[in-house]
Each structure stands twice: as C-alpha cells, then as structure tokens.
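Report on the following structure.
The values are calculated or read from the model by the stated rules, or taken from the named source; none is laboratory data. Just so it is clear, the model here is predicted, and its values are computed rather than measured. Here the Cβ positions follow ideal geometry from the backbone for every residue, glycine too, while neighbour counts run over all protein chains shown. Surface accessibility is based on the protein's heavy atoms, side chains included, excluding ligands, DNA and RNA. Shrake-Rupley method; radii C 1.70, N 1.55, O 1.52, S 1.80 Å.
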Amino acid sequence: MALTGRLGLLALVAAFVPLLVPSGAVLLGLWGLLLLGVVIDLCLAGNVRALRFHREGDTRVRLGEKANAGLIVENTGKRRVKAVLRDVWPPSAGVSPRTAKINVPAGERRRIDQTFTPTRRGDREAVTVVVRSVGPLGLAARQLSRSAPRTLRVLPAFPSRRHLPSRLARLRELTGLHSTMIRGQGTEFDSLREYVVGDDVRSIDWRATARRNDVVVRTWRPERDRRLYLVLDTGRTSAGRVGDIPRLDCSMDAALLLAALASRAGDRVDLLAYDRTVRARCENASRTGLLSEMVEAMAPLEPALIESDAAGMVSAIMSRVRRRSLVVLLTELNPAAFEEGLLPLLPGLTARHLVMIAAVSDPMVDEMAVARGDLAAVYDASAAERARADRRRLTAELRSYGVEVVDAPPDRIAPALADAYLALKAAGRL
Amino acid sequence: MVTAVEPTAGQVVGRRWRSARGIVLVLLCLVVIGVVVAALKPSRKPDDLDPGSPKPGGTRALAEILKSRGVGFDVARNASDATSRAGAGTITVVARPERLTRSDLDRLRGTAGDLLLVEPGREVLSSLAPGVEQDGPTFVLQAHPQCGLQGATLAGTVAFGESETYVAPSGATACYPESGKPRLVQYQVSGRAVTVLGAARPLTNGHLTDEGNAALAMNLVGARPQVIWLIPDVRHASSGERAGDRTLTDLLPPGVKLFFLGLVVAVIPIALWRGRRLGPVVAEVLPVVVRSSETVTGRSRLYRAHRARGRAAEALRAGARDRIVPLLGLPRTVAQILPTQDPGAAREVVMAVAARTDHDERTVATALYGLDLGQVTQSWPTGQSDPGGAEPVDDAGLLALADLLDDLERQVRQS
C-alpha cells in the first residue's frame, strides 16, 4: 500500500475548512470521506499480481557503449492497471528511465523502452520490478515487487584495439606478405625456390642445388600453430587501483590485444584466470570466435582479496598444457608474493614452457620518485626508489631463470606485451 | 588523471554565489527579524520608576534620599491601596500611569491630597488633570525653568532628555517650556495641587545627578510630608477587569484550534506519501578501490615517522646510481656494487661522474656512496657494517642530498 500526494493535499485543504465552518463534526466528516476514498482506491486499483513481465533486447554490451532493451508488461487481470513502475537494477547498470508510467488495459501488453549505459565491467542482475498501481481516485495505490530476472553482461572495453593495426602490419612484415622473404625474418622452413639475384647467398641449399641444375634457395617463414597460454592472476595483487582502474582490467586489456594478434599470426590461444581456483577458462576456441569467447570469459571476473596460490596455478598450467607453449602470466611484480610463491616453482615451469611475465607498473610510483620540494616528498621519493629497486631486482632474478619480463605502466602494457610477443616470434623462440 | 579546466572568474563568482546564497538569505532574515524585534521592544522596562529597583531606570535613590530626609515614603502597588492611604498632607506620585484602568482613574479622582503624574497619556490627563492637553514629544538636554514655581526655580537647569510637552490651561504654572509648551504644569484642581511632569528621567537612579534633576525631583516629590508612590502592578491592575483570567486559547476564534488539529493530521498522509519508497535501495558491490601505490606511500610515512634518514638516503642513492651508471657507459650491474664489495668499481664510478660534472670527487663520493674523499681515493673501508654509508645528520641534509643527486644526474645526462 502507498498513499499519494493528492491525499496529502486534500487533507491539507480539509484543515482549512474549520476556519470557515468551525465545527469538529465537519472536519471528522471530511476525514471520513478521505478514508473512504482510500479504501475505494485500494479495492479498485489494478491488480499487480496479474501482471506478467517479459524482457527483450541486448544481454551483452561493451563497457562504454549503450544497450537497448525493452520491458514488456502484460496485464492478465480483469481491470486496467494504471501504475508507476520502477525497474530496479544496481546503480552501475545505468538503466534509464528509472521509473515509467504505464497504463495497461485488461488483456493487453505495453512495452517500456530502456537504455543501459553501464559504468563498470561485469554481470549486472535485475533486482526486481516494483509496481505502484494507483486507484481510480488517485488517493492510494497498491505497491508490489515482482521478480523479472535478467542478466546484463558488461564486457571489457578493450581500449587497446587501436594498437592492433600497427602490430598486424609488423606481423605481415614478418610473414613476408609485404616484403621479400629474407633469411632471418623467419625460422621455420617453408619451401625451396630458384635463386634470384638479391637473395641472401647464405640461404642457398647446396644439397638441393646439387640435385637440380639451378641454384636453389630455402625460404623461411615465421613459425605458425604455436600455442599461447595466457594466465590472468585474479588474486589480491590484481585488485590494486592503477590510475583509475583495477590492475586486473589493465591485464585483461593486454591479454585481449595479445590474443587478437596471436590468433591472426596463426597461433592458438588459451586463457586461464586463477587465484586459488580456476575463475575462468577459454580453451580450444576457434580462430574466429576466440576474441568474443575470451571477452565473454573475462566479463564476470572480479579481483579476489586472497593471496594467489602459485603452486596451484603452476600445477593447473602443467596439467592443462602438454605441448611446449608460451605461458604468459599477467600478474604483479610483488617481491614478497613472488619469493614465497612463484619463484621456487619457476624452474619446473621454464623447463617445459617459455614463460613470459607481464606486470602493470604504477605510474604514481614514478611520479613519487621524482617528487621534490619538502621533506614528505623526499621521503616519498626514497620509498618509491626503494620500490623500484625491489622491482628491478625481482625482474633481474626472473630473467636469470630465462623468463621474459614485460613491465610497463597501464597505458603501455598492452602494446609492450604485443611487441614482446612479436620479438619472440621474429627470433623464432616460440 | 583528469585535468580540471580552470573556470573563469564569472563562473567562480556564480558558483560561490550559488553555494552561499542560502547562508546570505538566512543572515538577511536574521537581521530583519532582529530589527523588527528591536523596534517592537517596549522602550520601558517593567521595573522602570520602581522605588525598589536599583537599576538605572529605577527610583530607589530618590526614595532613599527622601526617607533619610524624614519624608514618609509608601509604595502602593495598586490604585485602591493608594487611595485608601491618600489624604490631606499627602502627595500621590503616579508612576507608570498607563497601567491604570478606567476605574482606577475614577478612584484616584475622588481622593484628597496632591497628585504628581509622570508622563501621563491623554486618557489619564482628561481624567485627573482636566484642561491639560498632550502636545508632543521633544528632546532637550538642558531646560530652564522660566516660571515662578519655587521648586523649579530652586532646581534651575534640568536635563529632561526625551520628554512630553503639554498645553497648560490658563492660570496654571507652566515651567520648562519648549516653544511655549511646558514640560511641567502645576495647577489646582478641586482644592488640590496636580502636577504633570513630562519626563521620568529626572527621577531615575541613572540621571538623578544630572544638572538640577535631584533638586527638582525632591522639590516635587517631597513637597508634602507623606509620599505615596503608586506604581500599579500589571497583574493586579487587570485582575477582575474586562481582560479577565482568560488564556490565549480562550481568545482565539473557535475554528483555529480545529485548523491546527487538521494541519497536524494532514502531516500524517503527507509523511506516509513521502516516506514510501518505490522499491528497495540497491547496494552496488564495488571492486576494491585501494590504490596500488598505497604500500609505497605507507613505507614513506614509516620512514618519516621514524626519521629513517639513512635508509631513505640509501634508497635515493641506489636509484640515482642506477640511472647514472648506464649513462657513463659502464655495465648496469656496476650500479649495484657497493664500495665494501668492490672498491675499484665504486671508485671508477665516482671518478667518471666527477669528470663529467662540476662537482669534485669528494662531493660525488659522499652523494653517491655516503663516504669521505679519503675513503674513496686511498682505501675503501672493509667490513663496514652499514653499507649505506653516512647518514644525513638532519632533514635539511636529506633534502640537500636529494637535490645534489638530481643535479649530478642532470649534469651527467647533459655531458
């Protein structure tokens, strides 16, 4: 039950009546009339229980874009329902309009157009639909919550998409689609062909030349059908805010760019999100559906405030990946966490796979390191220097294990990771 | 990071006005209310002219002086009390005559004995001093008697201040005139002397000593051996009269109470209307918003709280070495070598930096390694416990070290 502003206004007007007719009985009579109106309204208001809700429209939206959806209200009751309706969503779903007026005659249905402009990545669940059905006199209303479940999945924004064309151009140079094939640009034997002037004499295949009358050269191309295994660390270190977004979101962005690039380069990409258990997985995806499947897998991920289980992560990787792969670990270079967790397990991992660690550094620390002026700033600078020294030491130690380390601030991590991958590919180390 | 666009002066003024206008409005309202209250406040306090009051507006001083001079001094708090005591040889001083009711005035008119009316109004004058008429308010600091009344001529100049002037009937003694209208009138009405005094100020404690005030007051009040000071009490004056014992609610029109009741009842549906929410409040499950640099900031505060200048200096030195050494063309690993591990490498760094900057080796060695020149050039101390070297002695030293390291780095970079 809910009362309306009209009832309050009428009660206020009734209060002025005794100034003209100073009689308690008249006032009581007016109140009685209002009460009667309320009872009539409550009895004659449209039946909210008879409403059926259906939803249609987008269920997926990329962060930063708009989703259009509709809420269809079907009246199965015998009376017209005149009501105010609120579709209740979490604030970050950005649903608009917040409330809508509906007027549904018996047996008919009406559609409410909605737009969603979500402000955060992840799954957003519709909480409930609240309907306030106003009676014919407009004095009182029946109010009820009805469930109309729906999930809106907000996908990562993938802002580093803009780096993809330039990296693809680099990749095409490697595969020889743009420039001539010359030795050193690839490492995998492709085919034999006749020597033409300008070819590197070092690539002449003497054995084949001996069998034929012509001079024959070997051609090379970059390796294809290699495997990439991306591992997202969703533990506590991924929760820290770098700039304005959590570190995990930066890592996702970098992973998406790398996956897009690698799939174009003909490599297979799998994804695993892990802290103490497997949070998300995207394996054996087809080349064309890879990105959408990865985005889908990443969308509901949230940083967990627990210490990542490095041993579990390594054993999960080992059990899943039999062939030699490039294992890209997107995590944070936290000396304490590394020394206790991953570092002792690295030799086992590097023996089987090529390991690359990508970490998002905090530009705030670099800002603090150059801060001068007062004592607090200098202490800040020394603490930042200390943090950077620790990071450098850890990086050097990781490199001594043969691990590739990519450490870059959030705006450069995705292209830096892509470049590191291209460098590995060019060097034929995959 | 979002850089804020500098607002124009107009925008700033507009924003300040919008944020401050509520406060300004409230202040204005307060000022207006204050002015109204001050204007409505009665200029007379309840205990003015009360012979028991020692305040500036009271008349205790005059009463005490008269008593000490042997004049009988009675205080009457209502008119019937005063009339019962009045008789020949008495003078009834009517202070605050505005408090007298019509019946009080009738009663007073019938008594014997002289009357002194202090600032009487029109109604009092017509009843007790027929023929005298109110003229208007004036203000004067010094007024001269200009009449034959002995009490006035003896007193001489009197400070009246704010005072009423009157039109005196023919045959009356009119003193202290202002353009022909006297402030003091004395004449005989049905065999008794009635004095009309246009100002209360000459009688009060606060102004008794001004000019000839005291003399005039004593001459007027102490003119008879028995003084009856009538200062009517508001309560007593009105008791039993037409105002009655009725309270405020009795005086309100009958519908008003019902109106207020109606208002109170109307609040209930309005409160229920506004109070009912359309659906639940939904809490957003927020991700963690801790800054990633929080640990670094925490370490900085710890350093500062414990004045760990040595550690802070060593961190700054290590960072500077790490950036400077590659610029010198030396392997990066040299940067991490401490003098205790390999004095030769450290000396090489110091020499190279000193050669490229305008600082001498001693300064460079102190800045980069925290060691003295002697230790650099001759022999490095071995087995030194503190690898960080010398600790800045105070905070200024640490600041100077940071600046020196910046300077070294800049010069090496530019060389």
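Can you tell me which residue is farthest from A:Ala126 (Cα to Cα) among those in the stretch A:67-100 that are within 11 Å of another protein chain (Cβ to nearest Cβ) and assigned to a loop (DSSP other than H, G, I, E, B)?
A:Arg98
Looking at this structure, is A:Gly24 within 14 Å of chain B (Cβ to nearest Cβ) and at pLDDT 90 or above?
In short, no.
Quick one: which helices (runs of 4 or more DSSP H) sit completely within the stretch B:1-111 and have at least 3 residues that are open to solvent by 90 Å² or more (accessible area, probe 1.4 Å) and on the phi < 0 side of the Ramachandran plot?
B:9-40, B:60-68, B:102-109
Could you list all residues from the stretch A:101-135 that are more than 12 Å from chain B (Cβ to nearest Cβ), more than 17 Å from A:Asn75 (Cα to Cα) and open to solvent by 50 Å² or more (accessible area, probe 1.4 Å)?
A:Asp113, A:Thr117, listed by residue number.
Collect the residues in the stretch A:401-411 that are away from chain B (no Cβ under 12 Å) and open to solvent by 60 Å² or more (accessible area, probe 1.4 Å), keeping them in residue-number order.
Selection gives A:Tyr401, A:Asp407.
When the residues of the stretch B:197-233 are narrowed to those that are in contact with a Ser or Thr (Cβ under 8 Å, 6 or more places away or on another chain), of a type in the set (A, V, I, L, M) and within 18 Å of B:Ser163 (Cα to Cα), which ends up surrounded by the fewest Cβ atoms within 10 Å (Cβ to Cβ)?
Within the stretch B:197-233, the match that is surrounded by the fewest Cβ atoms within 10 Å (Cβ to Cβ) is B:Leu220.
For B:Glu119, are the conditions met, namely being closer than 21 Å to B:Thr204 by Cα, open to solvent by 50 Å² or more (accessible area, probe 1.4 Å), charged (D, E, K, R) and at pLDDT 85 or above? Before you say what the answer is, go through the steps one by one.
Numbers: closer than 21 Å to B:Thr204 by Cα: yes; open to solvent by 50 Å² or more (accessible area, probe 1.4 Å): yes; charged (D, E, K, R): yes; at pLDDT 85 or above: yes.
In short, yes.
Can you name every residue in the stretch A:66-83 that is open to solvent by 90 Å² or more (accessible area, probe 1.4 Å) and either touching a Leu at 6+ places or on another chain (Cβ under 7 Å) or among the acidic types (Asp, Glu) (or both)?
If the condition is that a residue be open to solvent by 90 Å² or more (accessible area, probe 1.4 Å) and either touching a Leu at 6+ places or on another chain (Cβ under 7 Å) or among the acidic types (Asp, Glu) (or both), then no residue fits.
Can you find a residue in the stretch A:178-185 that is under 30 Å from B:Arg277 (Cα atoms), open to solvent by 30 Å² or more (accessible area, probe 1.4 Å), modelled with pLDDT under 90 and not assigned by TED's automatic domain parsing to the domain that holds A:Pro410?
Checked the stretch A:178-185: no residue is under 30 Å from B:Arg277 (Cα atoms), open to solvent by 30 Å² or more (accessible area, probe 1.4 Å), modelled with pLDDT under 90 and not assigned by TED's automatic domain parsing to the domain that holds A:Pro410.
Which residues, counting only those in the stretch A:229-268, are open to solvent by 10 Å² or more (accessible area, probe 1.4 Å), assigned to a strand (DSSP E or B), more than 19 Å from A:Ser315 (Cα to Cα) and in contact (Cβ under 8 Å) with a residue 12 or more places away in the chain?
A:Ile245, A:Pro246, A:Arg268, listed by residue number.
Let's see how each residue does on (1) surrounded by 15 or more Cβ atoms within 10 Å (Cβ to Cβ); (2) under 26 Å from B:Val256 (Cβ atoms); (3) more than 7 Å from chain B (Cβ to nearest Cβ):
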{"site": "A:Thr4", "(1), (2), (3)": "yes, no, no"}
{"site": "A:Gly8", "(1), (2), (3)": "yes, yes, no"}
{"site": "A:Leu20", "(1), (2), (3)": "no, yes, yes"}
{"site": "A:Gly32", "(1), (2), (3)": "no, yes, yes"}
{"site": "A:Leu35", "(1), (2), (3)": "no, yes, yes"}
{"site": "A:Ala45", "(1), (2), (3)": "yes, no, yes"}
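Would you pick out the residues in the stretch B:281-314 that are more than 8 Å from chain A (Cβ to nearest Cβ), over 22 Å from A:Met364 (Cα atoms) and open to solvent by less than 80 Å² (accessible area, probe 1.4 Å)?
Scanning the stretch B:281-314 gives B:Ala308, B:Arg309, B:Gly310.
So, in the stretch B:318-331, exactly how many residues are surrounded by fewer than 21 Cβ atoms within 10 Å (Cβ to Cβ) and more than 8 Å from every other protein chain (Cβ to nearest Cβ)?
Here the count works out to 7.
Whether any residue in the stretch B:246-259 is open to solvent by 80 Å² or more (accessible area, probe 1.4 Å), within 7 Å of chain A (Cβ to nearest Cβ) and modelled with pLDDT under 90 is what I want to check.
Within the stretch B:246-259 (the criterion being open to solvent by 80 Å² or more (accessible area, probe 1.4 Å), within 7 Å of chain A (Cβ to nearest Cβ) and modelled with pLDDT under 90), the answer is yes, since at least one residue qualifies.
All but one of (1) assigned to a strand (DSSP E or B); (2) open to solvent by 10 Å² or more (accessible area, probe 1.4 Å) hold for B:Thr165, so report the exception by its number.
Checking B:Thr165 against (1) assigned to a strand (DSSP E or B); (2) open to solvent by 10 Å² or more (accessible area, probe 1.4 Å), the one that fails is (2).
Kindly evaluate A:Thr115 against the criterion of being farther than 16 Å from A:Ala50 by Cβ, part of a strand (DSSP E or B) and under 28 Å from the mean Cα position of the chain (by Cα).
Spelling it out, A:Thr115 is indeed farther than 16 Å from A:Ala50 by Cβ, part of a strand (DSSP E or B) and under 28 Å from the mean Cα position of the chain (by Cα).
Report those helices (runs of 4 or more DSSP H) wholly inside the stretch B:332-415 carrying at least 2 residues which are surrounded by 15 or more Cβ atoms within 10 Å (Cβ to Cβ) and modelled with pLDDT of 75 or more.
Output list reads B:343-356, B:361-369, B:395-414.
Report, by residue number, each residue of the stretch A:118-147 that is more than 31 Å from the chain's Cα centre (by Cα) and either among the aliphatic types (A, V, I, L, M) or not assigned by TED's automatic domain parsing to the domain that holds A:Val81 (or both).
A:Val131, A:Val134, A:Leu137, A:Leu139, A:Ala140, A:Ala141, A:Leu144
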